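*Asks:* I'd like to ask some things about the structure below.
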Amino acid sequence: MLHPARDTLKHRVERHLRQSAECGDMQGIVAALDHLVDLNAVADHSQSTALMNAAEQGRVEVLRFLLDQEGIDVQGRNANGNSALMLAANGAHVECVRALLTKHADVRARNVSAQNALDLVRVRVRGKRTPLTDRYVQVSQLLVAKMPVLPS
């Protein structure tokens, strides 16, 4: 439940932006942006942004649109320390991962459990074959290609 004093028009529009991103509702996103809301506004409980919601749900068109907006925070983290890249990787959303990597999302970033995006993928595929395994393999290949090479 929202605190009445915090349920201002600005907060309602920012909430609408995050929900529109999660659902893939481009018209809702454009309408929210017409109100000049903060693209990086977070939900009170999850600390997730619209970009994170789009990444987690695999809404690649919305994600690309948001990535093209000035001031978008590609490196932002939610309450669990997960970035949009981590959420996209965890969901095997190949095109979202690719789009985030083109905007220099940090592949080395770690969440509160000390896992990076590649670690999250490895946990998903460890010892099991699922319908998403091929997509997880593609995601891991994209992430490994962007991992910095350690000096020998």
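*Asks:* Give the cross-link partners of Lys103 among the lysines, using a straight C-alpha distance below 18 Å as the criterion and excluding same-chain residues fewer than 8 apart.
*Replies:* Lys146
*Asks:* On to the next question. Using the per-residue mean of other Cβ atoms lying within 10 Å as a proxy for protection, in what order, highest first, do the peptides 66-79, 19-32, 84-97 fall? Mind dumping the intermediate values first?
*Replies:* Values: 66-79: 15.7, 19-32: 18.0, 84-97: 26.5.
Answer by packing, highest mean first, reads 84-97, 19-32, 66-79.
Bear in mind that the values in this text are calculations on the coordinates, not laboratory data. Being a predicted model, the structure only gives us computed values, none of them experimental. Counting neighbours? That spans all protein chains shown, and the Cβs are built from the backbone with ideal geometry, glycine included.
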